[in-house]
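Report on the following structure.
Bear in mind that the values in this text are calculations on the coordinates, not laboratory data. All figures in this text were calculated on a predicted structure; none of them were measured in a lab. Note: ideal-geometry Cβ built from the backbone for every residue, glycine included; neighbour counts use all protein chains shown.
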């Protein structure tokens, strides 16, 4: 029975190539995968130009669990180092099961131009390994930008793989997705942040997301979000205590049930 389940899971993984390609982290995930115009440690994946909002070095670990009764999970790590107006971000993630796994590693370089504009470039290494089929690798480049119109409103754009790079092996029918994200965030007050993103995968329909982040207490934030295509609901919270950041998110939809994830970050 386990073998049949794993084979079915491998088939499911092979036809959903975007699941492992982008790791938004619990904060951005809880806000409906809104990262195009938000500055966060996981901006390394969601829009690298957002790491320009980080003022001190920070490292974060993330764990996500898919299909609760299976071994399907994702592990990720992200690190950001600010150097004056230049920023270096690195990320690594592994997604899958023992018979199938995807690895993505990347390094981002971002730069601030004054107080309003940030631009970033990110290079990625991709690997897919399937038991009895072998492995395939690929490389891609992402570009992103963020512009602060004022203290409340921020605009962002991020493009994954604009050059349509592919995996080296044709035996594994999985693509490196090309996705355009355009978004905005609005800081309604010192406690409330609202964000929205329009995303277009070249092989899928347009998706629209909406999310909020509300600082209930100085150390506690509550988050919620929605995406349209497919329809998903998100929620979570964050605890900020001295140099430690703990974030939790949960995603729910009709096909995969509940997907929880947790992240722990340390600010140096």
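The calculated FRET efficiency for residue 133 paired with residue 216, based on their beta-carbon distance and R0 = 35 Å, is about 0.15.
If a spin label sat at a point 7 angstrom from the Cα of residue 200 along the line to its beta carbon, the backbone N atoms of the stretch 22-54 nearer than 20 Å would be those of 34-37, 47. Answer with a single label: of [x] 153; [y] 143; [z] 114, which was calculated as volume of the Cα convex hull per residue in Å³ from the structure in view? Calculated volume of the Cα convex hull per residue in Å³: the matching label is [z]. Ranked by how many other Cβ atoms sit within 10 Å of their own Cβ, fewest first, the residues 251, 218 fall in the order 218, 251.
Can you give the calculated 222 nm mean residue ellipticity of the chain, where each DSSP H run of n ≥ 4 adds -39,500 (n - 2.57) and the sum is split over every residue, rounded to the nearest 500 deg cm²/dmol? Could you put the intermediate results ahead of the total?
On the way: 3 runs with 23 residues, N = 268.
It comes out at -2500 deg cm²/dmol, rounded to the nearest 500.
Taking every C-alpha pair closer than 8 Å and separated by at least 6 residues, the mean separation divided by the residue count of the chain gives a relative contact order of 20 percent.
Take every Cα pair under 8 Å whose residues are at least 6 apart in sequence, average their separation, divide by the length of the stretch 82-143, and the relative contact order is 27 percent. With neighbour counts taken as other beta-carbon atoms within 10 Å, the residues 80, 182, 206 rank, fewest first, as 206, 182, 80.
Here the spin labels are modelled as points 7 Å beyond Cα on the Cα-Cβ line, and at residue 121 and residue 187 they lie 2.9 nm apart. Sorted ascending by nearby beta carbons within 10 Å, beginning with the fewest, 197, 55, 252, 259 become 55, 252, 259, 197. Comparing mean-square fluctuations of 70, 49, 118 from a GNM of the chain with C-alpha springs under 10 Å, the top value falls on 70.
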